[in-house]
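Visitor: Take this structure, written in structure tokens, and hold onto it; I'll ask about it next.
The values are calculated or read from the model by the stated rules, or taken from the named source; none is laboratory data. If you're wondering where the values come from, they're calculated on a predicted model, not measured in any experiment. A quick note on method: Cβ atoms are made from the backbone with ideal geometry, for glycine too, and the neighbour counts reach across all protein chains shown. We work out accessible area using only protein heavy atoms, side chains counted, and drop any ligands, DNA or RNA first. Shrake-Rupley method; radii C 1.70, N 1.55, O 1.52, S 1.80 Å.
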Amino acid sequence: MGLHTLKLAAVPISFSSTSSRFFLYPFPKTLTLPLLSRHVHSHRPSSPPLLVRAFSASAAVQSFPATEASVPGVARPQWKASIDFKWIRDNKEAVAINIKNRNSSANLEAVIELYENMVNLQKEVERLREERNTVAKKMKGKLEQSERERLVEEGKSLKEGLATLEEELVRLKDELQSVAQSIPNMTHPDVPVGGEDSSAIRKMVGSPREFSFPIKDHLQLGKDLDLLDFDAAAEVSGSKFYYLKNEAVLLEMALVNWTLSEVIKKGFTPLITPEIVRSSVVEKCGFQPRGDNTQVYSIDGTDQCLIGTAEIPVGGIHMDSILLESALPLKYAAFSHCFRTEAGAAGAATRQVTKPIHQFSKVEMFILCPPEDSESFHDELIKIEEDLFTSLGLHFKTLDMATADLGAPAYRKFDIEAWMPGLGRFGEISSASNCTDYQSRRLGIRYRPSETPQVTRNKKGKGNTPATKFVHTLNATACAVPRMMVCLLENYQQEDGSVLIPEPLRPFMGGIELIKHKAR
């Protein structure tokens with residue numbers, strides 16, 4: 001079923017080395033870097049600092065039970081998504097159109113049928129429970145022996161029938177959960193309908209650089225300047241891997257450090273995430289680790305996977321929690337390595353950094369916010385991406401991606417494609433998605449709205465606590481390192497075969513301004 005497995009071997013681990021690989025060059029002195037800060041920035045000036053549950057439990061984050069009591073003899077799924085099945089049933093036509101527009105294989109009819117069966121069975125279970133309670137009450141009074149014996153038999157029969165129905169109810173709920181996972185998020189009304197070619201240009205920035213000499217692609221530049229080695233990596237790891245060498249190593253670290261320094265100024269808390277997560281967390285974020293065309297590496301003999309994006313472990317930080325509204329938004333910028341099977345890619349694609357590769361580095365932005373703020377934060381994320389790429393002097397276009405190009409969690413997605421002169425085309429370098437409450441319903445991330453001045457009170461005079469709501473989640477690529485390196489190498493190549501380093505990156509390159517040919 002398309003399951004990719006990894007076997008792990010025990011190896012000795014040494015902690016004698018430092019973390020200089022990541023922070024090779026210091027940030028500017030004017031920048032305060034709150035690494036793993038417990039204080040989360042907020043767009044609301046009055047918001048108090050949040051003690052993040054991932055680092056320390058606090059009153060700002062409240063845990064709540066994620067599972068129900070299990071029924072003996074019935075296998076239960078690892079997790080439950082708070083999918084609004086009633087809404088799906090009541091809006092069947094709109095959901096069906098959405099599934100069609102997104103070219104999804106979701107089985108809406110099966111979901112609705114299972115839901116109706118579950119509702120009817122739930123009613124029958126409740127009816128039998130009431131009858132059982134009625135019988136139990138009758139047995140508390142004075143009764144003739146024959147009547148008592150009759151009630152005992154009736155109670156026993158009700159108990160056995162109820163147990164059978166409850167077991168069937170659990171099975172139905174589990175099946176409903178499983179089938180409903182494939183239903184995609186609803187879609188923003190302004191999203192173009194159709195395939196990738198239907199995507200609309202939202203913005204165009206800059207123009208292609210004009211060269212007065214024959215240009216090279218990143219592969220040739222990487223070979224000539226001794227920056228990339230695909231052949232050695234193929235011998236060591238297989239196809240779709242590469243070694244970075246010399247200034248390319250410094251350039252990767254410069255891109256990561258520069259990107260983090262910029263997004264921290266925008267109120268993002270930096271993270272380095274785990275790169276192995278539970279498969280259930282991957283599923284909760286809307287990915288299918290064991291689907292037919294999975295891009296996820298699963299680890300043999302465990303319930304764990306390698307991450308394909310830091311969106312997954314960051315989404316899991318506040319899993320099964322209730323946040324205070326005053327703590328929102330939570331804004332993270334996570335550095336991680338990413339691993340993808342890239343099944344099906346072959347041929348020349350295996351030797352291009354812009355094409356499928358199995359491992360790469362990335363800085364991912366992630367936001368949790370109240371529902372009414374998610375569209376404005378989506379605009380903020382794409383603006384940050386555009387500002388980053390503009391400051392590097394890239395020519396790019398921002399696209400409002402069409403329905404068939406949206407992943408299941410995305411309500412709307414903006415992609416940025418940059419001009420890569422050596423390849424003679426635009427190539428995707430980032431995306432920004434608003435997932436609304438699709439992921440938070442699966443991850444169990446809620447928030448408790450702040451109480452208003454006019455609080456309704458019960459008969460005892462106590463104020464009613466506001467009901468919790470699901471947060472909205474958003475993610476965006478701040479820097480996908482390989483594709484950024486392709487853009488920089490190809491756009492900043494010089495006539496003598498050297499490559500100029502853009503000014504914003506030079507302080508993070510130890511002062512290196514030019515990648516030159518190596519002396520033989």
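Visitor: Are any of the residues in segment 476-486 among the aliphatic types (A, V, I, L, M), in contact with a Lys or Arg (Cβ under 7 Å, 6 or more places away or on another chain) and assigned to a helix (DSSP H, G or I)?
Guide: yes
Visitor: Just checking, does segment 197-214 include any residue being open to solvent by less than 50 Å² (accessible area, probe 1.4 Å), in a helix (DSSP H, G or I) and not polar (S, T, N, Q)?
Guide: Scanning segment 197-214 turns up no residue that is open to solvent by less than 50 Å² (accessible area, probe 1.4 Å), in a helix (DSSP H, G or I) and not polar (S, T, N, Q).
Visitor: Considering only segment 389-401, state which residues are outside any loop (DSSP other than H, G, I, E, B) and touching a helix residue (DSSP H, G or I) at 6+ places or on another chain (Cβ under 6 Å). If you could, list the steps in order and put the result at the bottom.
Guide: Within segment 389-401, the first condition is being outside any loop (DSSP other than H, G, I, E, B), and the residues that meet it are 389-391, 396-400.
Across segment 389-401, the qualifying residues are SER391, PHE396.
Visitor: Would you mind stating whether LYS265 is buried (at least 19 other Cβ atoms within 10 Å of the Cβ) and of a type in the set (Lys, Arg)?
Guide: Judged against the criteria, LYS265 is not a match.
Visitor: Residue under question is ALA408, and the condition is that it be part of a helix (DSSP H, G or I), surrounded by fewer than 22 Cβ atoms within 10 Å (Cβ to Cβ), touching a helix residue (DSSP H, G or I) at 6+ places or on another chain (Cβ under 9 Å) and touching a residue at least 60 places away in the same chain (Cβ under 8 Å); does it hold?
Guide: Considered against the rule, which asks whether it is part of a helix (DSSP H, G or I), surrounded by fewer than 22 Cβ atoms within 10 Å (Cβ to Cβ), touching a helix residue (DSSP H, G or I) at 6+ places or on another chain (Cβ under 9 Å) and touching a residue at least 60 places away in the same chain (Cβ under 8 Å), ALA408 comes out as no.
Visitor: Take the residues in segment 78-133 that are of a type in the set (Ser, Thr, Tyr) and over 30 Å from ASP197 (Cβ atoms); name whichever of them is surrounded by the fewest Cβ atoms within 10 Å (Cβ to Cβ).
Guide: Applying the first criterion (of a type in the set (Ser, Thr, Tyr)) to segment 78-133 yields 82, 104-105, 115.
Among the residues that remain, those that are also over 30 Å from ASP197 (Cβ atoms) are: 82, 115.
Values: SER82: 13, TYR115: 20.
Across segment 78-133, the extreme among qualifying residues is SER82.
Visitor: If you take the residues of segment 421-454 that are part of a strand (DSSP E or B) and in contact with a Ser or Thr (Cβ under 7 Å, 6 or more places away or on another chain), which of them is surrounded by the fewest Cβ atoms within 10 Å (Cβ to Cβ)?
Guide: Applying the filter and picking the extreme gives ARG448.
Visitor: For the condition at pLDDT below 90 and loosely packed, with under 13 Cβ neighbours inside 10 Å, what is the one hit in LYS138, LYS142?
Guide: On the way: LYS138 fails: loosely packed, with under 13 Cβ neighbours inside 10 Å.
Answer to the selection: LYS142.
Visitor: If you go through segment 185-202 one residue at a time, how many are out of contact with any helix residue (DSSP H, G or I) (no Cβ under 7 Å at 6 or more places or on another chain) and of a type outside the set (S, T, N, Q)?
Guide: 7
Visitor: Taking the residues in segment 231-245 that are in contact with a strand residue (DSSP E or B) (Cβ under 8 Å, 6 or more places away or on another chain) and surrounded by fewer than 20 Cβ atoms within 10 Å (Cβ to Cβ) as candidates, determine which candidate is farthest from HIS337 (Cα to Cα). Give the steps one after another, and end with the answer.
Guide: Restricting attention to segment 231-245, the residues satisfying the condition of being in contact with a strand residue (DSSP E or B) (Cβ under 8 Å, 6 or more places away or on another chain) are 232-233, 241-245.
If we keep only those that are surrounded by fewer than 20 Cβ atoms within 10 Å (Cβ to Cβ) too, we end up with 232-233, 241, 243, 245.
Working: ALA232: 20, ALA233: 17, PHE241: 13, TYR243: 14, LYS245: 17 Å.
Taking the candidates together, the pick is ALA232.
Visitor: So, one more: Here are LYS156, LYS173: which of them is open to solvent by 40 Å² or more (accessible area, probe 1.4 Å), farther than 30 Å from GLU247 by Cβ, touching a helix residue (DSSP H, G or I) at 6+ places or on another chain (Cβ under 8 Å) and basic (Lys, Arg)? Can you show your working first?
Guide: Details: LYS156 fails: touching a helix residue (DSSP H, G or I) at 6+ places or on another chain (Cβ under 8 Å).
Answer to the check: LYS173.
Visitor: Filter segment 344-379 down to the residues that are aromatic (Phe, Trp, Tyr) and at pLDDT below 95 and list them by number. Please lay out each step first, then the result.
Guide: The first filter runs over segment 344-379 and keeps only residues aromatic (Phe, Trp, Tyr), leaving 360, 366, 377.
PHE360 - this is the single residue of segment 344-379 that is aromatic (Phe, Trp, Tyr) and at pLDDT below 95.
Visitor: Something else about it: Can SER279 be described as in contact (Cβ under 8 Å) with a residue 24 or more places away in the chain and touching a Pro at 6+ places or on another chain (Cβ under 7 Å)?
Guide: Yes: the conditions hold for SER279.
Visitor: A further question follows. Among the numbered conditions (1) out of contact with any helix residue (DSSP H, G or I) (no Cβ under 9 Å at 6 or more places or on another chain); (2) open to solvent by less than 10 Å² (accessible area, probe 1.4 Å), tell me where GLY301 comes up short.
Guide: All conditions are met except number (2).
Visitor: Being over 19 Å from CYS285 (Cα atoms) and open to solvent by 10 Å² or more (accessible area, probe 1.4 Å) is the filter here; which residues of segment 358-374 pass it?
Guide: Those that are over 19 Å from CYS285 (Cα atoms) and open to solvent by 10 Å² or more (accessible area, probe 1.4 Å): HIS358, GLN359, PHE360, GLU372, ASP373.
Visitor: When you scan segment 305-312, do you find a residue that is out of contact with any Asp or Glu (no Cβ under 7 Å at 6 or more places or on another chain) and closer than 20 Å to PHE377 by Cβ, even just one? Can you show your working first?
Guide: Narrowing segment 305-312 to residues out of contact with any Asp or Glu (no Cβ under 7 Å at 6 or more places or on another chain): 305, 308, 312.
Cutting the leftovers down to closer than 20 Å to PHE377 by Cβ gives us 312.
Checking segment 305-312: at least one residue is out of contact with any Asp or Glu (no Cβ under 7 Å at 6 or more places or on another chain) and closer than 20 Å to PHE377 by Cβ.
Visitor: Give the residues of segment 168-205 that are of a type in the set (D, E, K, R) and modelled with pLDDT under 90, sorted by residue number. Give the derivation first.
Guide: Within segment 168-205, the subset of a type in the set (D, E, K, R) is 168, 171, 173-175, 190, 196-197, 202-203.
Scanning segment 168-205 gives a single hit, GLU196.
Visitor: While we're looking at this one, here's another question. If you go through segment 498-520 one residue at a time, how many are open to solvent by less than 50 Å² (accessible area, probe 1.4 Å) and either touching a His at 6+ places or on another chain (Cβ under 7 Å) or within 20 Å of LEU219 (Cβ to Cβ) (or both)?
Guide: Of the residues in segment 498-520, 4 are open to solvent by less than 50 Å² (accessible area, probe 1.4 Å) and either touching a His at 6+ places or on another chain (Cβ under 7 Å) or within 20 Å of LEU219 (Cβ to Cβ) (or both).
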